[in-house]
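Visitor: Take this structure first; my questions come after.
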Amino acid sequence: MNNFNLIISGVGGQGTITLLKVIGRAALLQGLDFKSSELHGLSQRGGSVKTHIRIGENISSPLIIPGETDLIIGLEPQEALRTKSFAGKKTVFLINEKVIPVQGKEVDKSEIEKWIKKIPGEVKLINAFSITQEKLKNSLYSGIFLLGYAVHNKLIPLSIDSVKKALEETIKPDYIEENLKALDLAKGF
Amino acid sequence: MHEVLDNKKKTILLGNDAVVRGALESGVQFAATYPGTPASEIGDTFYLIRNANKELKENFHFEYGTNEKVALESAIGANFSGLKTMMSMKHFGVNVAADSLLPLFYTGVPNGMVLAISDDPGCFSSAQSEQNSRAYAYMAHAPMIEPADPQETKDYVKYAYQISEKYNIPVIVRLTTRVSHQRMPVDLDDLKFNKIEADFPKDKPDQFSTMPPYTISQHKELLEKIDKIREQEAEVSEINKMHNEDAGDDMAIIASGVSFHHVMEAQKFMGLNIPVLKLGWFYPLPEKKIKEVLSKFKKILVVEELEDYVEKEVKILAKDYDVEILGKEYLPTAGEIRPENVIEALGSFYPPKKLEVLEEEKELAKRFPGFCPGCPYWFLFNTVKQVAPKNTVFGGDIGCYMMAYFPPFKLQDYLFSMGSGIGIGHGVKKSLNLSGNNQKVIAFIGDSTFFHAGIPALVNCVENKSNPLIIIMDNSITAMTGHQPRPGIDKEPNIEKIVSGIGVKNLKVIDPINQEELKETIKDFLNKEEVSVIISRRCCKFAK
Ligand SMILES: Cc1ncc(C[n+]2csc(CCOP(=O)(O)OP(=O)(O)O)c2C)c(N)n1
C-alpha cells in the first residue's frame, strides 16, 4: 500500500492528541506502521495545532511532504484552511463547520465559505459540533465523530472494529461508552 | 495504565516516553528533572508512574528539582551513593546545569548515568534561542548519541547505560522536538528492577573531588577515556549505519538525528537511491567509519540540524581524500530541517521534483497563543495595563505570562532566560536612577521561575539597591510546561516568607480579581525608594 498521510488541525485543547493516539493504536492493531508528529508547550496555548500522522509500511519521516496529504481533518474551518500549504489537488478535506473566532477579530463566515469553495479537491463540511451537542450533549466528541465519519466513509485505511478496540485501549474507562456512541453516530452521515 | 508500562510486545510510544521505557528496561533507580518542553514528558511520565505498582514504589525514586542544576546534582549524589540514575532537561536547562555538568565528566560516575537532553530547532516551545546543545559534548567531553525516532530512542538509552557502566562516564542522549514528540510502534522488552542499596564510598577520597592539581590529571584521563570510547565503541557501533550501500554513483549523504528520516523520505519522493551514512554517535565521532565513506565517493552532502558541527569535522577528515564536502550552502542553519528542505537540496544534484501545493490563504486571521479562559493573568495584566505610566519598562520572564507579549496586552520590553526579568530589571532601574530618570520598571515572574532563578536576582536588587516593582505570579503550578508541581506546593504559602526574609519591606499579597486593591498598590509601589514586590496569588485552573 502507499503510505497514507493525514493531518489533524485544530485549536489547542480540542483533543487532537487523543485522536492521534486512537488512530495510532488502530493502525498497530491492523499490523500497519505508524508515525506521527505533534507539538506541546507554547504551541498548544490556544494557538493553531497541526499534527502529522502517517500510516502504512516502513515509514521514514514523521513529517508529511507538502502536497502529499491524503486527508485533512479540520476540527475548525480556519485551522483546516491553514493546512492548505500541505495539501495538493487530490487532498480530501473533512471540516467541522463550527468556527472558533480568532481573538480580536470579527468572524466573517462568508469569507471563510469563499475560501473553502476554492479548495480544488473533495470537501466534506460536517456540523460535528451541533450533532454531538444535540445527540451526546457534549461537543467535545466532535473529533471522534469526525474520525468515525472518515472510517465509515472509507476516507482512511482503518476499520471500524480496530478503531473501536483502539478507543477502548486508549481512553479512560469512564469515557469509552460515549466515545463509542460518537463513532456509531457518524455512521448515518 | 500508562502505555510506557505496557507488557505487550509492541506499543506506540512518544519519543519522550521511549526515554522512560529505555531507562526502566535498564533498571533505573533514581530520576530527576526540571520541566521544560520539548523534554517535559520524560519527567511527567516518571512522575505519573512512580507509584504505579509495587516494584516501582520500592525500587524507583523520581523527583522534580528546583532547577536543572539542582536536579542534576541530586542525580549525581544518588549515583555516587550507588544508584543507577537518569536526569532529563530541555536544552536551556543544560546552561543552568553546566556548572556541575563539566566537573561531572571529570570525576566520572561509579554507576550508570544517562542524561536525556532535548533541543528545539524551530523554537516550537522555546523562546530564548535555537540552542544547539551538541556543543556541550565538545566542552564537557560528554559522549553523545542522537536517535532519530522513538524506537531508536529506547534502544539508544539502553546502549547509553551500557557505555556509561563500562567506562564510568555519563552519556548524553540528545533529542530534538521532532524525536521527543514523535510517536511510532516500539518493540518492548521486560522492565528491570534493582533494589535500592545506597552507600557512599569513602575508600577513594579523591574520586569525587575536582581539586587541582588532581583536576588536570582528571582532564587527561577524560581525554583518554574519550579516545578509548571512540576506538572501542563509536567506530564499531551499529548505531552508525550505512543505508543503500551498494547504490548510487559518486554521491553519498551523511545524516544525523531525525534529518536521517527526512533524507530517506525525500529520496523516496524523488525516486533516488543515494547511499546514506546515518550517524548515531555524535561525540566521539567515528572518524575511521567516516573516512571509509570519504574514500568511496566524490561528493558528500551532510544533513544535520542547526550549526554545522558534523560538516566541519568531516571537512577536516576529508583533507586527504579527493572528495567535496557540502552541507549548509544547501540547507538551513536557522530553523528546523524538514523533508522539503532535503528535496530542494537534492534537486541541485539530481533531477528536481516540484512540490504541488495549494496556495495558502494569506488573509486568514493569525491565532496567537493566549491565556486560557479564566486564567488569573487576564485580571493582572488588564490592571497593570490600566495603571502603569506609558513609558514603563516591562520585564518579561519565562512562563505562561510571556504571552503578555502578544496582543491585546503587549506588556513585554525584554525577554531572556529564567529569572532574568528581575536581573535585567535591576540593571535598567539602577541606571535610570543613576541618571535621575524617573522611568518605572515592572518585572514579572512566575512562582516556579522565582524558585528556579528569581531568588538570587531579588537578593541582588536588595543588596545593590534598586527599586523595580516585581510582580510574582503565584498560580501554584508550573503551567507553561504542562502543569507540574512547583516547590512548596503542599505547604503553607512560603513565597512571602522568602521575600521578606531577603529584606524586601514593600510587600503585598493580592488576589488579582481584587482589581481596585491591585491598582492602588501598583501606584503606591511604583513610587517607593526601595524594591517592592506584589505576590499576585490565584490558582491556575489546572492546579489541584
Ligand atoms: C532553564 C530553563 N528551564 C526550563 C524552561 C522551560 N520553561 C518554560 S516556562 C517555565 C516555567 C513556568 O512556570 P512559572 O514561572 O510558574 O509560570 P507559569 O507558566 O505557571 O505562568 C519553564 C520551566 C526554560 N525556558 N528554561
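The values are calculated or read from the model by the stated rules, or taken from the named source; none is laboratory data. Nothing here was measured: the structure is a model prediction, and the numbers come from that model. Ideal geometry is used to build each Cβ from the backbone, glycine not excepted, and the neighbour counts take in all protein chains shown. Surface accessibility is based on the protein's heavy atoms, side chains included, excluding ligands, DNA and RNA. Shrake-Rupley method; radii C 1.70, N 1.55, O 1.52, S 1.80 Å.
Visitor: In the stretch B:81-99, is there at least one residue being touching a residue at least 24 places away in the same chain (Cβ under 8 Å), under 30 Å from B:PRO339 (Cα atoms), away from the ligand (no atom under 16 Å from the Cβ) and surrounded by 23 or more Cβ atoms within 10 Å (Cβ to Cβ)?
Guide: No, the stretch B:81-99 has no match at all.
Visitor: To continue, here is another question. Of all residues in the stretch B:396-426, which are away from the ligand (no atom under 13 Å from the Cβ) and in contact (Cβ under 8 Å) with a residue 12 or more places away in the chain?
Guide: Scanning the stretch B:396-426 gives B:PHE406, B:PRO407, B:PHE409, B:LEU411, B:GLN412, B:ASP413, B:TYR414, B:GLY423, B:ILE424, B:GLY425, B:HIS426.
Visitor: Right, another one. So, of the residues in the stretch B:2-34 that are touching a strand residue (DSSP E or B) at 6+ places or on another chain (Cβ under 9 Å) and more than 26 Å from B:SER164 (Cα to Cα), which turns out to be nearest to the other protein chains (Cβ to nearest Cβ)?
Guide: Selected residue: B:ILE12.
Visitor: Let me ask you something else. Among the numbered criteria (1) assigned to a loop (DSSP other than H, G, I, E, B); (2) over 19 Å from B:ALA39 (Cβ atoms); (3) within 14 Å of chain A (Cβ to nearest Cβ), which one does B:PRO147 miss?
Guide: Of the numbered conditions (1) assigned to a loop (DSSP other than H, G, I, E, B); (2) over 19 Å from B:ALA39 (Cβ atoms); (3) within 14 Å of chain A (Cβ to nearest Cβ), the odd one out for B:PRO147 is (2).
Visitor: Looking for something among the acidic types (Asp, Glu), in a helix (DSSP H, G or I) and either within 30 Å of B:PRO408 (Cβ to Cβ) or within 14 Å of chain B (Cβ to nearest Cβ) (or both) - is there at least one such residue anywhere in the stretch A:112-130?
Guide: yes
Visitor: Any idea which of A:SER43, A:SER61 is at pLDDT below 95 and within 11 Å of chain B (Cβ to nearest Cβ)?
Guide: Only one candidate passes the filter, namely A:SER43.
Visitor: Which of the residues belonging to the stretch A:26-45 are open to solvent by 10 Å² or more (accessible area, probe 1.4 Å) and more than 18 Å from B:GLU41 (Cβ to Cβ)?
Guide: Let us first name the residues in the stretch A:26-45 that are open to solvent by 10 Å² or more (accessible area, probe 1.4 Å), namely A:28-33, A:39-40, A:42-45.
Result: A:LEU28, A:LEU29, A:GLN30, A:GLY31, A:LEU32, A:ASP33.
Visitor: If you go through the stretch B:453-473, how many residues are open to solvent by 10 Å² or more (accessible area, probe 1.4 Å) and over 14 Å from B:ILE502 (Cβ atoms)?
Guide: Count: 2.
Visitor: Which ones in the stretch B:324-344 are in contact with an Asp or Glu (Cβ under 9 Å, 6 or more places away or on another chain) and more than 14 Å from chain A (Cβ to nearest Cβ)?
Guide: Scanning the stretch B:324-344 gives B:ILE325, B:LEU326, B:GLY327, B:LYS328, B:TYR330, B:LEU331, B:PRO332, B:THR333, B:ALA334.
Visitor: Taking the criterion of being assigned by TED's automatic domain parsing to the domain that holds B:PHE105, open to solvent by less than 40 Å² (accessible area, probe 1.4 Å) and of a type in the set (Phe, Trp, Tyr), would at least one residue in the stretch B:162-169 satisfy it?
Guide: yes
Visitor: Here is a further query. So if I check each of B:ALA18, B:ALA52, which one is crowded, with 18+ Cβ neighbours inside 10 Å and in the same structural domain as B:LYS195 (by TED's automatic domain parsing)?
Guide: Testing whether each residue is crowded, with 18+ Cβ neighbours inside 10 Å and in the same structural domain as B:LYS195 (by TED's automatic domain parsing) leaves just B:ALA18.
Visitor: Also: Inspect the stretch B:450-457 for any residue being within 14 Å of the ligand (Cβ to nearest atom) and assigned to a loop (DSSP other than H, G, I, E, B) and give the result as yes or no.
Guide: No: zero hits.
Visitor: Could I ask something else about it? How many residues does the stretch B:378-395 hold that are crowded, with 22+ Cβ neighbours inside 10 Å and more than 11 Å from the ligand (Cβ to nearest atom)?
Guide: 5
Visitor: Six or more apart or on different chains, Cβ under 9 Å: which pairs go from a residue in the stretch B:377-390 that's closer than 10 Å to B:ILE442 by Cβ and in a helix (DSSP H, G or I) to one that's within 15 Å of the ligand (Cβ to nearest atom) and of a type in the set (Val, Ile, Thr)? Could you list them?
Guide: Short answer, once both residue conditions are applied: B:VAL384/B:ILE471.
Visitor: So which residues in the stretch B:253-271 are more than 8 Å from every other protein chain (Cβ to nearest Cβ) and surrounded by fewer than 19 Cβ atoms within 10 Å (Cβ to Cβ), if there are any at all?
Guide: Of everything in the stretch B:253-271, those that are more than 8 Å from every other protein chain (Cβ to nearest Cβ) and surrounded by fewer than 19 Cβ atoms within 10 Å (Cβ to Cβ) turn out to be B:MET270, B:GLY271.
Visitor: Write out, first by first residue and then by second, each pair whose Cβ atoms fall under 7 Å of each other, whose residues are 6+ apart or on separate chains, and whose first residue, in the stretch B:449-470, is of a type in the set (Gly, Ala, Ser) while the second is within 13 Å of the ligand (Cβ to nearest atom) and open to solvent by less than 10 Å² (accessible area, probe 1.4 Å).
Guide: B:ALA453/B:GLY419; B:GLY454/B:GLY419; B:GLY454/B:ILE422; B:GLY454/B:ILE445; B:ALA457/B:GLY419; B:ALA457/B:ILE422
Visitor: Whether any residue in the stretch B:161-172 is within 14 Å of chain A (Cβ to nearest Cβ), under 25 Å from B:LEU277 (Cβ atoms) and hydroxyl-bearing (Ser, Thr, Tyr) is what I want to check.
Guide: no
Visitor: Given the criteria open to solvent by 60 Å² or more (accessible area, probe 1.4 Å), farther than 30 Å from A:ARG45 by Cα and basic (Lys, Arg), does B:LYS541 qualify?
Guide: no
Visitor: Would you mind finding the one in B:ASP250, B:ASP206, B:ASP190, B:ASP227 that is free of Cβ contacts under 8 Å to residues at least 40 places away in the same chain, among the acidic types (Asp, Glu) and open to solvent by 60 Å² or more (accessible area, probe 1.4 Å)?
Guide: Among B:ASP250, B:ASP206, B:ASP190, B:ASP227, only B:ASP206 is free of Cβ contacts under 8 Å to residues at least 40 places away in the same chain, among the acidic types (Asp, Glu) and open to solvent by 60 Å² or more (accessible area, probe 1.4 Å).
Visitor: May I pose another question? For the stretch B:521-538, which residues satisfy the criterion of being open to solvent by 20 Å² or more (accessible area, probe 1.4 Å), part of a loop (DSSP other than H, G, I, E, B) and touching a helix residue (DSSP H, G or I) at 6+ places or on another chain (Cβ under 7 Å)?
Guide: Correct list: B:ARG538 only.
Visitor: In the stretch A:69-128, what residues are surrounded by fewer than 17 Cβ atoms within 10 Å (Cβ to Cβ), of a type in the set (Asp, Glu) and under 21 Å from A:LYS154 (Cα atoms)?
Guide: Hit for the stretch A:69-128 is A:GLU122, nothing else.
Visitor: Within the bounds of the stretch B:93-113, is there any residue that is in a helix (DSSP H, G or I) and within 22 Å of B:SER259 (Cβ to Cβ)?
Guide: yes
Visitor: To continue, here is another question. What number of residues within the stretch B:507-520 are part of a loop (DSSP other than H, G, I, E, B) and open to solvent by 20 Å² or more (accessible area, probe 1.4 Å)?
Guide: 3
Visitor: What helices (runs of 4 or more DSSP H) lie completely within the stretch B:275-374 and have 2 or more residues being open to solvent by 80 Å² or more (accessible area, probe 1.4 Å)?
Guide: The qualifying helices (runs of 4 or more DSSP H) are B:287-294, B:309-317.
Visitor: Taking the condition of being buried (at least 24 other Cβ atoms within 10 Å of the Cβ) and touching a residue at least 60 places away in the same chain (Cβ under 8 Å), how many residues in the stretch B:105-116 meet it?
Guide: Of the residues in that region, 3 qualify.
Visitor: Here's another thing I want to ask about it. Could you check, for the stretch B:157-164, whether at least one of its residues is of a type in the set (Ser, Thr, Tyr) and assigned to a loop (DSSP other than H, G, I, E, B)?
Guide: Applying the first criterion (of a type in the set (Ser, Thr, Tyr)) to the stretch B:157-164 yields B:159, B:161, B:164.
With assigned to a loop (DSSP other than H, G, I, E, B) added as a condition, the list becomes none.
The answer is no; no qualifying residue exists.
Visitor: Restrict the check to the stretch B:35-42 and report whether at least one residue is within 30 Å of A:ASP174 (Cβ to Cβ), away from chain A (no Cβ under 14 Å) and crowded, with 20+ Cβ neighbours inside 10 Å.
Guide: no
Visitor: Still on this model: Check whether at least one residue in the stretch B:357-377 is within 16 Å of the ligand (Cβ to nearest atom), more than 14 Å from every other protein chain (Cβ to nearest Cβ) and under 31 Å from the mean Cα position of the chain (by Cα), and report yes or no.
Guide: Taking every residue of the stretch B:357-377 in turn, at least one turns out to be within 16 Å of the ligand (Cβ to nearest atom), more than 14 Å from every other protein chain (Cβ to nearest Cβ) and under 31 Å from the mean Cα position of the chain (by Cα).
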